[in-house]
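Worksheet for the structure shown next.
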Amino acid sequence: MARSTVSLRVDALLASGLLAPSGEAASTGGRPPTRFALNPQARLVVGADLGATHGHVALADLTGRPLREVAEHVDISAGPIAVLDWVVATIRRLLDEADRNAEDLIGIGIGLPGPVEHSSGRPMRPPIMPGWDGYDVPGHVRRHWDVPVLVDNDVNIMALGEHVTAHAALDHLLFVKVATGIGAGIISGRRLLRGAVGAAGDLGHVAAPHAPDVLCRCGNTGCLEAVASGQAIIKHLTTAGVPATTNSDVVALVRGGNITAAHAVRQAGRTIGEVVATCVSLLNPELVVIGGSIAQAGESLIAGVREVVYGRSLPLATAHLQIVPATTGAQAGVIGAATMVIQHALAADRVDEALTRSDRGGGPHAAVKAP
Ligand SMILES: [Zn+2]
């Protein structure tokens, strides 16, 4: 580009507030060059992570770093109107507390605990979300703010959150969530792979090799989720005379040294490893991250996964492959949801579009608006 073009564009970005001077660089003779950097405070994004029984909303800056957050008990089965009204009220509360204007908001990202058609933001026959099937989630939220509202399943946003927080330098990562259900988020070439309708990575109902004919909630038998999820481990332990009703019970038993529980979790890890080994052959990730509540049981689960993946995959795929526990914890969801919005709103063509719009008199805060 011509120097004048660059300077015009830099001026437009400075006027929008998205760019700010960040000191002078050392001179190589002549006038010292000025440095510019993204100004993370220029705008705000919202990341919301909704689970079966929790709601977590964060107001974040343009790097995805949460500035303020609220986590409460929220029942997803209360239906979309009650739950999304809670999300809207919580966003208002966070904006008030941060003393920031709603005009600063460039978008809202929402993670839901079920399959979502990403392009429309509508849940698709989600098994644990009565009343949500086909509901227009972005439409509901956009009645309050005219900004992009992006929706995805909880595993995809966790994968994004874990990637930007703990493994930002890596290009290819597979995130596997092991909790009440099992699912995966795939980062390939630094992008989240969603597939044709957003169902990529839905590992829970893949047939687990060598699995017993256990009936799954989807109607099939021998699904990975039916034999290796938190739910399956609880069932197994109860039959074996070790009382457990929640995933936290399983984690507590393993951490407390219960051999039956440790064995069950390790066996679940091996079964998950059989499916992960196939994914490794298909996707060739650099890193497999195991997250979700059952992963908090520690080494038992991950040892089972490693045992099978290293044993089954070809040496070329595993030579540099690492399999590690998730480290971002409860914040992964909100950071990932915020990241999803940032990647969308700060894409070059959208920034171009917004700058053109504000040039026509919309003012700097007209930048980066609705999709
Ligand atoms: Zn199934």
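The values are calculated or read from the model by the stated rules, or taken from the named source; none is laboratory data. Note that the structure is a prediction, hence the values are computed from the model and not measured. Here the Cβ is made from the backbone with ideal geometry for all residues, glycine too, and neighbour counts use every protein chain on show. Each accessible area value is taken on the protein alone, full model and side chains, heavy atoms only, with ligands, DNA and RNA left out. Shrake-Rupley method; radii C 1.70, N 1.55, O 1.52, S 1.80 Å.
Collect the residues in segment 129-160 that are over 22 Å from GLY329 (Cβ atoms) and of a type in the set (A, V, I, L, M, F, W, C), keeping them in residue-number order.
If the condition is that a residue be over 22 Å from GLY329 (Cβ atoms) and of a type in the set (A, V, I, L, M, F, W, C), then MET129, TRP132, VAL137, VAL141, TRP145, VAL147, VAL149, LEU150, VAL151 are the ones that fit.
Look through GLN343, GLN267 and report the one residue that is within 24 Å of HIS163 (Cα to Cα), open to solvent by 20 Å² or more (accessible area, probe 1.4 Å) and either in a helix (DSSP H, G or I) or at pLDDT 95 or above (or both).
It is GLN343.
Checking GLY79 against (1) modelled with pLDDT under 95; (2) on the phi > 0 side of the Ramachandran plot, which single condition isn't satisfied?
Going through the list (1) modelled with pLDDT under 95; (2) on the phi > 0 side of the Ramachandran plot, GLY79 breaks only (1).
Across segment 317-340, what is the total count of residues that are in contact (Cβ under 8 Å) with a residue 12 or more places away in the chain, outside any helix (DSSP H, G or I) and open to solvent by 50 Å² or more (accessible area, probe 1.4 Å)?
4
From the list ALA277, ALA226, ALA262, pick out the single residue that is within 15 Å of the ligand (Cβ to nearest atom) and open to solvent by less than 60 Å² (accessible area, probe 1.4 Å).
When all the criteria are applied, what remains is ALA226.
Return a yes/no flag: does segment 280-288 have any residue that is of a type in the set (Asp, Glu) and open to solvent by less than 40 Å² (accessible area, probe 1.4 Å).
no
If we keep just the residues of segment 115-134 that are among the charged types (D, E, K, R) and at negative phi, which is surrounded by the fewest Cβ atoms within 10 Å (Cβ to Cβ)?
Of everything passing the filter in segment 115-134, ASP133 is surrounded by the fewest Cβ atoms within 10 Å (Cβ to Cβ).
Considering only residues that are in a loop (DSSP other than H, G, I, E, B) and either within 14 Å of the ligand (Cβ to nearest atom) or open to solvent by less than 20 Å² (accessible area, probe 1.4 Å) (or both), which ones fall in segment 229-254?
Within segment 229-254, SER229, VAL242, ALA244 qualify.
Suppose we filter segment 135-155 for residues that are touching a helix residue (DSSP H, G or I) at 6+ places or on another chain (Cβ under 8 Å), open to solvent by 10 Å² or more (accessible area, probe 1.4 Å) and closer than 15 Å to ILE106 by Cα; how many remain?
4
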